[in-house]
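**Student:** First, the structure itself, so that you have it in front of you.
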Amino acid sequence: GEVHAEAGLNLLRRIRKVEDALAKPLPDFPHAEALLQWYVETGHHGLELLVARAWGDLQACGDGDLVEEGRRRFFGEEGDTNPSAGSLRDRVRARLDEIDRILADFIRANPRKFMQGPRSVAGLIRQRLDEILKRLALGALEGRVWIVIFDGMRYDTWDEVVRPAFSGHFEIDAQPYFTVLPTFTLYARSSLLGGCLPGEGMNNQGEPTTNESILVAKNLVLSPEEAKTRLRFVTDAETTAALMKVGFKDKDVRDVNVLIYPVSDDCHDFNGDLAAFNHRIRAAIIGDKTQGVRGILDDLQVRVRPEDTLLLTSDHGFIELLRPQALSVAEINGGGDAAKIQPRYMVGQEKKVADPSLSVTVGNGVFQLPVGSVWFKREGRASPRYSHGGCSMAEMVIPGAVLRKITGKIARPALESVPTQIVVEEDAVADVSI
């Protein structure tokens, strides 16, 4: 029959990658950093996106019976947010849950030590920009520093969407890092910028603060007076406004510039699958030249010069709330109004609320965090498709990448004359020239 060649080949390639990863045994890991490296190198960080894209490939093949059979194999009868036991999506979930439990065991032994580890986001700025910041302190910095945070960006989005888009314009030196717990913006971003544990950031008077511009100035060892002239903090609202300006030029550049871009922190409001979500993020990165819409890459191309240094990272990821993994709060020690309950964390509840769960103390509060794909469902309340705050690699693994603008020409191999369709009789052989 007639098959869309590209979709069919992509389907086979992606399914093979998923099955190869699931076939890999889980080794014994000496520490969390070894787990992190293995998770990324073996492609486990991309399994959920692979399944979502493979499902799109199958639908593009256009055969109704094939798609229906594929739905059962991919998810079961109920669809992608309610996968049946033994389906491909459920097998991926089970493997990732297994990895998340290993991570939780490393954290549980000593949460503070984990969040001060060599791959913690709390040390990322000082670690990746160490020599640059020494020159900044001496007044010998040749270019400028850009600290760019893509709010809510998972590692699979970095690897599959952002890195490829930036690779033709910037030299990239990237490593995976762990964000802190709980994995939501208030704590994760202040820890990243302040180089401190969650809830432990201090202002210049030694008082607790979550003011991000104050925290990053202290982390960069800039005095309050220096910060006024050498540091600029641009919020997500301001970067969004800049993207909408025709002929935008950055006239307020300082020695150090912190830019926040709202790439995917609106995950709570998105109802499509991961493939659709990443397609939308790519559109935000690239822009739409036919409509005159500038993307984030265009924005950074205008702002960043060849002598500048750009640190690109995220504050946290997010996880999909699969219906079979919901834990009704009516079943949790009475649940109730005394506890502040969100899908991926609970605060104000003293007893353990899920097995396995992880307790993390932040300031005067104790957060109970579900491990893996388990999540808390409030009776009578609608739940989003995606959320964050808990303990999983999907929420905790983010990139820490140093980028420098490319000034020379780049040569790349390219395939030409690739057919969009291949028509071949059943059991026949077709030769295709590329």
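**Student:** So for the range 65-118, taking the charge dipole from beta-carbon charges (+1 Lys/Arg, -1 Asp/Glu), which of I99, V67, P83 sits furthest toward the positive end?
**Tutor:** Farthest towards the positive end: I99.
**Student:** On a C-alpha basis, how far is the centre of the range 89-158 from the centre of the range 1-42 in Å? Whole number, if you could?
**Tutor:** About 23 Å separates the Cα centre of the range 89-158 from the one of the range 1-42.
**Student:** Would you work out what percent of the accessible area of the chain, with all protein chains in place, is carbon or sulfur (probe 1.4 Å)?
**Tutor:** Numbers: 10010 of 20530 Å².
Of all accessible area on the chain, carbon and sulfur atoms account for 49 percent.
**Student:** Pick out, in residue order, every one of the GluC sites (Glu not before Pro) in the range 227-334 that is DSSP loop and has at most 13 other C-beta atoms within 10 Å; say none if there are none.
**Tutor:** When the GluC sites (Glu not before Pro) of the range 227-334 are filtered for loop state and at most 13 Cβ neighbours within 10 Å, E307 remain.
**Student:** So, one more: From zero outward in steps of 10 Å, how is the percent of C-alpha pairs of the chain spread across the bins?
**Tutor:** With a bin width of 10 Å, the distribution comes to 4, 19, 29, 25, 15, 6, 1, 0.
**Student:** Same structure, new question: If you find the alpha carbon centre of the range 217-244 and of the range 52-77, how far apart are they in angstrom?
**Tutor:** So the two Cα centres are separated by 47 Å.
**Student:** With the cut-off at 21 Å, report for the range 89-171 the share of all Cα pairs above it, as a whole percent.
**Tutor:** Tail of P(r) above 21 Å: 57 percent of Cα pairs.
**Student:** Hey, got a sec? Which GluC sites (Glu not before Pro) in the range 93-143 land in a DSSP loop and have at most 16 other Cβ atoms within 10 Å?
**Tutor:** Passing sites in the range 93-143 are E142.
**Student:** Shifting gears a bit: Determine, for the range 211-300, the count of lysine pairs separated by eight or more sequence positions (or lying on different chains) whose alpha-carbon distance falls under 27 Å.
**Tutor:** On the way: K218/K228; K218/K251; K228/K245; K228/K249; K228/K251; K245/K289; K249/K289; K251/K289.
Going through the range 211-300 pair by pair, I get 8.
**Student:** Rounded, prolate or oblate, given the Cα gyration tensor of the range 134-258, with a/c below 1.5 counting as rounded?
**Tutor:** Since a/c reaches 1.5 but b/c is at least a/b, the shape of the range 134-258 is classed as oblate.
**Student:** For the range 62-122, what number results from the quotient of the Cα radius of gyration and 2.2 N^0.38 Å?
**Tutor:** 1.74
**Student:** Okay, moving on. I'd like the antiparallel share, as a percent to the nearest 5, of DSSP beta bridges with both residues in the chain.
**Tutor:** 60 percent
**Student:** Among I107, I422, I172, which one moves the most in a GNM of the chain with springs linking Cα atoms closer than 10 Å?
**Tutor:** Comparing I107, I422, I172 in a Gaussian network model of the chain, the most mobile one is I422.
**Student:** What order do you get for 386-397, 214-225 when each peptide is scored by the mean count of other beta carbon atoms within 10 Å, highest first?
**Tutor:** 386-397, 214-225
**Student:** Once you sort the root eigenvalues of the Cα gyration tensor of the range 231-273 as a ≥ b ≥ c, which label holds: rounded (a/c under 1.5), prolate (a/b larger than b/c) or oblate (the other case)?
**Tutor:** oblate
**Student:** Could you pull out every one of the aspartates and glutamates with an alpha carbon less than 20 Å from that of K24, ignoring same-chain neighbours closer than 8 positions?
**Tutor:** Correct list for K24: E33, E41, E48, D90, D97, E98, D100, D156.
**Student:** Here's a follow-up. Report the GluC sites (Glu not before Pro) located in the range 1-83 that are in a DSSP loop and have at most 15 other Cβ atoms inside 10 Å of their Cβ, or state none.
**Tutor:** Qualifying residues, ordered by number: E77, E78.
The values are calculated or read from the model by the stated rules, or taken from the named source; none is laboratory data. Because the structure is a prediction, the values reported are computed rather than measured. Neighbour counts are summed over all protein chains in view; Cβ atoms, including those assigned to glycine, are modelled from backbone coordinates with ideal geometry. In case anyone asks, the SASA skips ligands and DNA or RNA and just uses the protein heavy atoms, side chains included. Shrake-Rupley method; radii C 1.70, N 1.55, O 1.52, S 1.80 Å.
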